[in-house]
2 protein chains.
Amino acid sequence: MHSIKKYLLKPDFYDGWEVTLQGWVSSNRGNKKIRFVSLNDGSTVKNIQIVFKSETFDLELVDSLRTGAALVVKGTLHSTPEAKQPIELQASEIVSYKNVDQDYPIQNQEMKMDVLRELPHMRHRTSLIKAIMLIRSTLAQEVHKYFAARYFYYMNSPIITSNDGEGAGETFNVSDGSKDGFFGKGNKATLGVTGQLHGESYAIGMNKIYTFAPTFRAENSNTKRHLAEFWMIEPEVAFYDLHDAIKLAHNLIKVVVRNVLHKNKFELEYIEETLQNGIIERLEKFVESSLKIVDYKEVLEILDKVKDRFEDKNIHFGLDLGSEHERYLTDEYFKAPVAVINFPKDFKAFYMYQNEDGKTVAAFDLLVPGVGEMVGGSQRESDYDKLLKRVQELGIDEKDLQWYLDLRRFGHAASAGFGIGFERLVMYVTGIENIRDVIPYPRTAGNIRM
Amino acid sequence: MHSIKKYLLKPDFYDGWEVTLQGWVSSNRGNKKIRFVSLNDGSTVKNIQIVFKSETFDLELVDSLRTGAALVVKGTLHSTPEAKQPIELQASEIVSYKNVDQDYPIQNQEMKMDVLRELPHMRHRTSLIKAIMLIRSTLAQEVHKYFAARYFYYMNSPIITSNDGEGAGETFNVSDGSKDGFFGKGNKATLGVTGQLHGESYAIGMNKIYTFAPTFRAENSNTKRHLAEFWMIEPEVAFYDLHDAIKLAHNLIKVVVRNVLHKNKFELEYIEETLQNGIIERLEKFVESSLKIVDYKEVLEILDKVKDRFEDKNIHFGLDLGSEHERYLTDEYFKAPVAVINFPKDFKAFYMYQNEDGKTVAAFDLLVPGVGEMVGGSQRESDYDKLLKRVQELGIDEKDLQWYLDLRRFGHAASAGFGIGFERLVMYVTGIENIRDVIPYPRTAGNIRM
């Protein structure tokens with residue numbers, strides 16, 4: 001059975017075809033002689049109109065089908081180039097249907113996002129959430145396609161781990177309730193905050209790898225940009241340096257955005273129409289953009305010249321860029337995506353490549369117009385002694401990391417990679433501002449609905 | 001930079017090309033005039049031979065490169081159709097290298113699998129584990145490709161959940177150590193044992209969905225077939241019945257196996273040569289197979305006729321098939337994959353469609369020759385009252401499942417789906433018998449290495 005999307009994309013081609021459609025009623029209007037039922041089958045945010053005439057149907061039955069009802073219907077497609085809808089189905093037979101109870105909570109009129117958050121099992125049946133979620137799925141599939149086409153190894157780093165990655169704390173503990181713990185006495189077991197460290201072990205040997213998996217942070221911050229459970233994309237490539245990683249990040253995002261523009265045209269159009277957020281233009285600009293690469297120290301000079309405009313006017317070496325600074329760089333100064341490189345080592349992770357100046361590391365943040373930081377990455381420190389020293393300086397338990405340190409003794413010529421928070425990417429591509437609205441069942445502090 | 005695999009696949013085409021290769025030394029032999037270094041770059045299990053001559057190189061340096069050393073080398077490709085290796089590189093320049101410390105634990109000779117399990121961060125640098133893991137990655141990417149090509153929605157069910165899915169218990173608890181719990185007082189938080197229930201909510205509205213994500217079971221069983229953390233593929237399709245789901249399962253496995261036969265030819269050949277397990281013939285047969293569908297009651301009759309051969313000779317309605325019974329069906333009686341359908345409801349999950357006989361449910365197990373059960377699935381009960389009654393009979397807390405029950409009141413015409421344990425699939429496709437050897441970092445009772 002074809003999806004409704006196929007018919008909508010090529011109305012002329014399918015004109016006159018006899019087909020069966022299945023989906024859910026999204027609206028139902030008309031009179032005693034004719035009824036128009038909009039049907040949606042989840043293949044796109046768009047509906048197809050089905051025409052029921054009183055000659056063929058008991059219109060009382062058709063009339064009784066409420067929004068949300070499941071319906072399988074036969075008929076003939078008619079392309080309608082002059083109408084708002086490019087194609088409709090002249091119904092000849094209702095194959096089967098199942099109505100909804102009267103208290104179906106999804107209404108035809110626009111519903112508030114915070115009301116919908118209480119209904120994570122239902123809200124994808126509204127057009128806006130459906131459009132967002134369809135884009136989410138395409139993005140994920142395109143990410144896999146991008147890497148598969150370039151012979152990247154899909155790495156499944158462990159989720160339950162005894163390492164806490166960046167040493168940031170804020171991890172969830174895992175237990176089966178037994179005294180010694182499922183994984184044995186004295187063994188920590190936490191939910192991974194990153195797949196990177198284990199991913200690095202596979203980059204040495206597999207060369208090009210990526211992870212794409214859930215990660216977890218027990219961060220008690222109730223913002224629009226944080227989840228306790230979110231998906232991360234983390235490529236890691238042996239023999240890559242900082243600039244290779246930046247190029248990969250920029251190209252990856254460009255390619256998947258370009259493909260989403262094509263594949264989710266209906267969904268992006270719907271979002272733009274509904275939210276008036278200029279999302280399509282933003283994405284088209286990004287796809288055409290070239291990337292600026294600018295050193296952190298140069299950024300300080302640029303910002304210092306206009307420091308009066310910022311809340312945080314104290315522009316000095318050691319400053320972690322705030323979103324006001326990032327926005328100025330992307331939206332006003334460069335008017336383009338910007339990779340800021342070579343940050344002070346003090347606010348970056350222990351594993352980053354230590355530059356010769358002794359003060360900075362070969363890290364990058366990729367900032368994009370309208371959003372700010374989208375990607376963070378770095379070249380990794382390859383030198384065992386330098387890495388060990390940094391681990392010790394930061395007071396990280398080196399026993400836990402011995403296996404990771406050892407990678408440097410066994411054929412670690414170079415390696416670089418980055419992480420993209422997948423939900424942040426979905427937010428960027430849809431223009432949706434609350435991260436809870438771009439993942440089916442959001443998990444945040446105090447909330448584990450269903 | 002091309003991968004070594006490309007050159008190995010088309011040796012004639014690349015004859016005479018000047019190229020740079022990068023990878024890791026897998027062997028190093030020769031004399032004072034000439035050295036032969038095998039290099040592997042992770043694109044395939046096969047190595048490429050690099051020839052270093054004393055006219056151009058300090059062979060003492062080349063000699064010093066140990067197995068595992070990273071190497072970037074320039075040279076000219078020569079196709080060698082008469083030799084065992086179809087192509088080799090005549091080296092002209094070592095661009096860079098990084099040797100390994102002497103205690104590099106991966107040796108040239110064959111290593112025991114249980115020894116390698118102690119080295120999850122290194123073992124993929126042996127040929128056998130590399131071959132297995134490359135096949136794993138292809139399988140995962142092909143699964144995504146299969147569903148994307150058929151417009152399935154990639155659903156990310158939550159990992160942390162307050163539902164325990166099948167009511168089987170044996171779940172891991174998640175906490176941040178705070179008194180009331182991260183997710184709020186009185187809220188259970190466990191790691192999901194299945195993505196199915198949440199997946200079903202999206203099938204209603206999205207029509208065709210699949211999950212592909214880690215799932216968790218705190219099962220204290222130390223077998224060759226169980227992990228505490230494993231990946232599951234769970235499609236769910238609205239309007240599908242039992243037979244539609246069976247067809248989808250069979251076709252999915254056939255298509256991905258066929259593509260792996262093609263894409264991982266070198267890896268399958270290596271496994272077959274090393275383990276002599278006839279894996280390629282098994283897979284080729286499977287791809288050509290047609291599926292037998294047989295009713296559970298018919299199975300009882302078939303088994304009853306040869307009951308004396310089984311350990312469990314008590315063939316009666318209510319019997320849960322043992323692996324000896326399954327093997328007889330696939331390997332001897334049908335000599336084909338078999339879907340057994342309509343099992344007694346007593347040993348199947350509460351959500352399965354209740355057949356009219358009042359005793360059986362519309363469930364299926366897909367059994368494959370040489371392995372046994374690979375897929376389990378069912379049509380789902382669409383009737384609210386019947387489902388509620390079953391929940392109550394089984395003593396499941398209906399409060400937790402109200403949202404799931406409600407799906408039946410809101411446009412749930414029909415739905416069917418199944419689950420494939422991804423590691424079981426990798427075991428099937430590689431012929432590897434211990435599940436710990438088909439996932440990078442296995443998690444089992446008492447083991448959380450790295």
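Go through (1) over 25 Å from A:Ile209 (Cα atoms); (2) modelled with pLDDT of 95 or more; (3) in contact with a Ser or Thr (Cβ under 8 Å, 6 or more places away or on another chain) for A:His412 and report which single condition fails.
A:His412 satisfies every listed condition except (1).
Any residue that is within 14 Å of chain A (Cβ to nearest Cβ) and within 28 Å of B:Ile135 (Cβ to Cβ) - is there at least one of those in the range B:83-100? Quick ask: steps written out before the conclusion?
Narrowing the range B:83-100 to residues within 14 Å of chain A (Cβ to nearest Cβ): B:94-100.
With the extra rule that they be within 28 Å of B:Ile135 (Cβ to Cβ), the set shrinks to B:100.
For the range B:83-100, residues within 14 Å of chain A (Cβ to nearest Cβ) and within 28 Å of B:Ile135 (Cβ to Cβ): present.
Can you work out which of the residues in the range B:417-432 that are of a type in the set (Gly, Ala, Ser) and more than 14 Å from chain A (Cβ to nearest Cβ) is nearest to B:Ile132 (Cα to Cα)? If you could, list the steps in order and put the result at the bottom.
We begin by selecting, within the range B:417-432, every residue of a type in the set (Gly, Ala, Ser); these are B:417, B:419, B:421, B:431.
Add one more test, that the residue is more than 14 Å from chain A (Cβ to nearest Cβ), and what stays is B:417, B:419, B:431.
Details: B:Gly417: 28, B:Gly419: 22, B:Gly431: 9 Å.
Among those residues, the one meeting the criterion is B:Gly431.
Checking A:Lys130 against (1) part of a strand (DSSP E or B); (2) among the basic types (Lys, Arg); (3) within 11 Å of another protein chain (Cβ to nearest Cβ), which single condition isn't satisfied?
The failed condition is (1).
Of the numbered conditions (1) under 21 Å from B:Leu252 (Cα atoms); (2) without any contact (Cβ under 8 Å) to a residue 40 or more places away in the chain, B:Leu387 satisfies every one except a single condition; which is it?
Result: B:Leu387 fails condition (1) only.
Take the residues in the range A:220-230 that are more than 9 Å from chain B (Cβ to nearest Cβ) and of a type outside the set (A, V, I, L, M, F, W, C), then tell me which one is surrounded by the most Cβ atoms within 10 Å (Cβ to Cβ).
Filtering the range A:220-230 down to residues more than 9 Å from chain B (Cβ to nearest Cβ) leaves A:221-227, A:230.
From what is left, the residues that are of a type outside the set (A, V, I, L, M, F, W, C) are A:221-226.
Details: A:Ser221: 11, A:Asn222: 10, A:Thr223: 10, A:Lys224: 11, A:Arg225: 14, A:His226: 17.
Applying the filter and picking the extreme gives A:His226.
Cβ contacts < 6 Å: first residue within 7 Å of chain B (Cβ to nearest Cβ) and within 16 Å of B:Asn264 (Cβ to Cβ), restricted to the range A:144-159; second residue of a type in the set (S, T, N, Q) and in a loop (DSSP other than H, G, I, E, B), any location; separation 6+ or different chain. Result?
A:Tyr151/B:Ser3; A:Tyr151/B:Ser43
Right, B:Glu269: over 30 Å from B:Tyr384 (Cβ atoms), out of contact with any helix residue (DSSP H, G or I) (no Cβ under 9 Å at 6 or more places or on another chain) and without any contact (Cβ under 8 Å) to a residue 12 or more places away in the chain or not?
Working: over 30 Å from B:Tyr384 (Cβ atoms): yes; out of contact with any helix residue (DSSP H, G or I) (no Cβ under 9 Å at 6 or more places or on another chain): no; without any contact (Cβ under 8 Å) to a residue 12 or more places away in the chain: yes.
Against the criterion (over 30 Å from B:Tyr384 (Cβ atoms), out of contact with any helix residue (DSSP H, G or I) (no Cβ under 9 Å at 6 or more places or on another chain) and without any contact (Cβ under 8 Å) to a residue 12 or more places away in the chain), B:Glu269 does not qualify.
Return yes or no: is B:Val438 touching an Asp or Glu at 6+ places or on another chain (Cβ under 9 Å) and more than 12 Å from chain A (Cβ to nearest Cβ)?
Details: touching an Asp or Glu at 6+ places or on another chain (Cβ under 9 Å): yes; more than 12 Å from chain A (Cβ to nearest Cβ): no.
In short, no.
Which residue is modelled with the highest pLDDT, if the candidates are limited to the range B:160-170 and must be buried (at least 19 other Cβ atoms within 10 Å of the Cβ) and at the interface with another protein chain (Cβ under 8 Å from one of its Cβ atoms)?
Here the answer is B:Ile160.
Go through the range A:172-212 residue by residue and tally those that are facing another protein chain (nearest Cβ under 7 Å) and closer than 14 Å to A:Met155 by Cβ.
Final tally of qualifying residues: 6.
Look at A:Ala336 and say whether it is in the same structural domain as A:Leu242 (by the TED database) and modelled with pLDDT under 95.
On the way: in the same structural domain as A:Leu242 (by the TED database): yes; modelled with pLDDT under 95: yes.
Answer is yes for this residue.
Would you say A:Lys46 is among the basic types (Lys, Arg), in contact (Cβ under 8 Å) with a residue 24 or more places away in the chain, in a helix (DSSP H, G or I) and within 18 Å of A:Ala131 (Cβ to Cβ)? Spell out the reasoning first.
Working: among the basic types (Lys, Arg): yes; in contact (Cβ under 8 Å) with a residue 24 or more places away in the chain: yes; in a helix (DSSP H, G or I): no; within 18 Å of A:Ala131 (Cβ to Cβ): yes.
It is false that A:Lys46 is among the basic types (Lys, Arg), in contact (Cβ under 8 Å) with a residue 24 or more places away in the chain, in a helix (DSSP H, G or I) and within 18 Å of A:Ala131 (Cβ to Cβ).
Failed condition for A:Gln22, given (1) surrounded by 17 or more Cβ atoms within 10 Å (Cβ to Cβ); (2) in a loop (DSSP other than H, G, I, E, B); (3) at the interface with chain B (Cβ under 10 Å from one of its Cβ atoms), with all others met?
The single condition A:Gln22 does not satisfy is (2).
Which members of the range A:267-297 meet the condition of being exposed (fewer than 13 other Cβ atoms within 10 Å of the Cβ) and in a helix (DSSP H, G or I)? Break it down stepwise before answering.
Of the range A:267-297, the ones exposed (fewer than 13 other Cβ atoms within 10 Å of the Cβ) are A:273, A:276, A:278, A:281, A:288, A:290.
Those that are exposed (fewer than 13 other Cβ atoms within 10 Å of the Cβ) and in a helix (DSSP H, G or I): A:Glu273, A:Glu281, A:Glu288.
For the range B:182-204: of the residues being of a type outside the set (Lys, Arg) and free of Cβ contacts under 8 Å to residues at least 12 places away in the same chain, which is nearest to B:Ala149 (Cα to Cα)?
In the first step, residues of the range B:182-204 are kept if they are of a type outside the set (Lys, Arg); the result is B:182-184, B:186-187, B:189-204.
Applying the additional criterion that residues be free of Cβ contacts under 8 Å to residues at least 12 places away in the same chain yields B:182, B:184, B:186.
Numbers: B:Phe182: 39, B:Gly184: 41, B:Gly186: 43 Å.
Going through the qualifying residues, I end up with B:Phe182.
Can you tell me which condition B:Ile106 does not meet? The list is (1) within 7 Å of chain A (Cβ to nearest Cβ); (2) assigned to a loop (DSSP other than H, G, I, E, B); (3) closer than 29 Å to A:Ser201 by Cβ, and all the others hold.
Failed condition: (1).
Out of all the residues in the range A:380-401, is one or more within 28 Å of the chain's Cα centre (by Cα) and either of a type in the set (D, E, K, R) or closer than 16 Å to A:Phe230 by Cα (or both)? Talk me through it step by step, then tell me what you get.
Step one: list which residues in the range A:380-401 are within 28 Å of the chain's Cα centre (by Cα), which gives A:380.
Now drop any that are not either of a type in the set (D, E, K, R) or closer than 16 Å to A:Phe230 by Cα (or both), which leaves A:380.
Within the range A:380-401, one or more residues are within 28 Å of the chain's Cα centre (by Cα) and either of a type in the set (D, E, K, R) or closer than 16 Å to A:Phe230 by Cα (or both).
Please work out if A:Gln49 is modelled with pLDDT of 95 or more and more than 20 Å from B:His412 (Cβ to Cβ).
Numbers: modelled with pLDDT of 95 or more: yes; more than 20 Å from B:His412 (Cβ to Cβ): yes.
Taking the combined requirement at face value, the residue satisfies it.
Check off (1) assigned to a loop (DSSP other than H, G, I, E, B); (2) not basic (Lys, Arg); (3) not assigned by the TED database to the domain that holds B:Leu261 for B:Ala91 and give me the number that stays unchecked.
(1)
Condition first: assigned to a loop (DSSP other than H, G, I, E, B), buried (at least 16 other Cβ atoms within 10 Å of the Cβ), at pLDDT 95 or above and charged (D, E, K, R). Can you find one or more residues in the range B:300-318 that meet it?
Within the range B:300-318, not a single residue is assigned to a loop (DSSP other than H, G, I, E, B), buried (at least 16 other Cβ atoms within 10 Å of the Cβ), at pLDDT 95 or above and charged (D, E, K, R).
Among A:Leu59, A:Leu139, A:Leu77, A:Leu116, which is surrounded by 19 or more Cβ atoms within 10 Å (Cβ to Cβ) and more than 24 Å from A:Ile432 (Cβ to Cβ)?
Numbers: A:Leu59 fails: surrounded by 19 or more Cβ atoms within 10 Å (Cβ to Cβ); A:Leu139 fails: more than 24 Å from A:Ile432 (Cβ to Cβ); A:Leu116 fails: more than 24 Å from A:Ile432 (Cβ to Cβ).
Going through A:Leu59, A:Leu139, A:Leu77, A:Leu116 in turn, just one is surrounded by 19 or more Cβ atoms within 10 Å (Cβ to Cβ) and more than 24 Å from A:Ile432 (Cβ to Cβ): A:Leu77.
Surrounded by fewer than 21 Cβ atoms within 10 Å (Cβ to Cβ), not in a helix (DSSP H, G or I) and not aromatic (Phe, Trp, Tyr): is that true of B:Asp397 in this structure?
On the way: surrounded by fewer than 21 Cβ atoms within 10 Å (Cβ to Cβ): yes; not in a helix (DSSP H, G or I): yes; not aromatic (Phe, Trp, Tyr): yes.
Yes; evaluated as a whole, the condition is true for this residue.
Being touching a residue at least 40 places away in the same chain (Cβ under 8 Å) and in a loop (DSSP other than H, G, I, E, B) is the filter here, so list the residues in the range A:330-351 that pass it.
Selection gives A:Phe334, A:Ala336, A:Pro337, A:Ala349, A:Phe350, A:Tyr351.
Please verify whether the range A:224-233 includes one or more residues that are among the small types (Gly, Ala, Ser) and closer than 30 Å to A:Asn355 by Cβ.
Going residue by residue through the range A:224-233, those that are among the small types (Gly, Ala, Ser) are A:228.
Adding the requirement that they be closer than 30 Å to A:Asn355 by Cβ leaves none.
The answer is no; no qualifying residue exists.
What is the one condition in (1) farther than 30 Å from A:Trp24 by Cα; (2) free of Cβ contacts under 8 Å to residues at least 24 places away in the same chain that B:Glu398 does not satisfy?
(1)
Got a sec? Which of A:Asn222, A:Asn207 is among the polar types (S, T, N, Q), at pLDDT 95 or above and either over 30 Å from A:Leu8 (Cα atoms) or in the same structural domain as A:Ser137 (by the TED database) (or both)?
A:Asn207
The values are calculated or read from the model by the stated rules, or taken from the named source; none is laboratory data. Predicted model, so just to flag it, every value in this text is computed and none were measured. Quick reminder, even Gly has a Cβ in these numbers, built from the backbone with ideal geometry, and neighbours come from all protein chains shown.
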